[in-house]
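A.B. asks: The structure follows.
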Amino acid sequence: ASPNGPGVDILNNSFETITKDAVYYSLNSNFSVSGNIITGAGSTDAIRIRAGTIQSGSTITLEGDQTYLLFNEDESRGELEIARGATLIVEAGAILKFGKFWSIRQDGRLDLLGTEEKPIILTSLKDDSAGGDSNGDGDASTPNPGDWMSIWIRDTYLEDWGAARGIYENVELRYAGLEPTGSNGTGTPAILLDGGVFEMTNVVIRDSLDVGF
């Protein structure tokens, strides 16, 4: 689908007894996914998101009370990128689980709209306490600081001040802070803020490899 075209709507469907992920889609196209019931899928009833960029002029909403997996099987680097002029909205109760070398790069708008009752959790793929056993290995792996990278808000870095905007409310970031290959094991902030216009309320950063913010 074209980034600014009509896109695809996946609404009010039932996915049952799926061998792997119930839904697997790219952020490069306009789409709407809501009201779906997922049971018996291979990856704990989760939705898989491929690395990609939300294009300028597009708004994508990740429905609340769902688990989203962002990882590559070979542990190669992946990014969820929000371009300048694009918007990503994440609703209350959503869980985003990241594989190694994955990050969010924010040049546009990101609204993480959790509530006290239903916070939004961004965490490691190995964190079974949120969204279940997403990597399907039982107790063989446990989460550790630096299991994924960070949210990098690149406003000043791109010399386009005020382009990066957002609201982060009732959000918990766990096990972030990994720096890319070649860094000799050093980390990076879980939220790396290079400018922007934000409202951040009740954001908890824990078990990070480096500083939180």
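The values are calculated or read from the model by the stated rules, or taken from the named source; none is laboratory data. This is a predicted model, so every value here is computed, not measured. Methodologically, a virtual Cβ is constructed for each residue, glycine included, from the backbone with ideal geometry; neighbour enumeration extends over all protein chains shown. Note: accessible area is taken over every heavy atom of the protein model, side chains too, but ligands, DNA and RNA are not part of it. Shrake-Rupley method; radii C 1.70, N 1.55, O 1.52, S 1.80 Å.
A.B. asks: Label points 7 Å out from Cα along the Cβ direction at Asn72 and Thr59: separation in nm?
C.D. replies: Between Asn72 and Thr59, the simple spin-label model gives 3.2 nm.
A.B. asks: In what sequence, highest mean first, do 92-98, 143-149 appear when ranked by Cβ atoms within 10 angstrom?
C.D. replies: 92-98, 143-149
A.B. asks: Tally up the carbon and sulfur contribution to the accessible surface of the range 44-95 as a whole percent, 1.4 Å probe, everything protein left in place. If you can, show how the numbers build up before the last one.
C.D. replies: Details: 720 of 1880 Å².
It is 38 percent, rounded to a whole number.
A.B. asks: Counting only residues 5 or more places away or on other chains, whose amide H sits under 5 Å from the amide H of Arg165 once H atoms are built in the peptide plane?
C.D. replies: Residues meeting the criterion, in which the H sits 1.01 Å from N, are Arg109, Leu110, Val197.
A.B. asks: Sticking with this structure for a sec: Please list, in order along the range 96-108, the HN-Hα scalar couplings obtained from phi with the Karplus expression 6.51 cos²θ - 1.76 cosθ + 1.60 (θ = phi - 60°), rounded to whole Hz, x for Gly and Pro.
C.D. replies: Each residue of the range 96-108 in turn: 10, 10, 10, x, 4, 6, 9, 8, 9, 10, 10, 10, x Hz.
A.B. asks: How far is the Cα center of the range 62-103 from the Cα center of the range 116-137, in Å?
C.D. replies: Comparing the Cα centres of the range 62-103 and the range 116-137, I get a distance of 12 Å.
A.B. asks: OK, next. Taking a probe of 1.4 Å, how large is the accessible area per residue of the range 63-132, in Å²?
C.D. replies: It amounts to 35 Å² per residue over the range 63-132.
A.B. asks: Rounded, prolate or oblate: which fits the range 111-213, taking a ≥ b ≥ c as square roots of the Cα gyration tensor eigenvalues, rounded meaning a/c under 1.5, else prolate when a/b beats b/c? The partial results should precede the final answer.
C.D. replies: Values: a/c = 2.57, a/b = 1.31, b/c = 1.96.
In terms of gyration-tensor shape, oblate.
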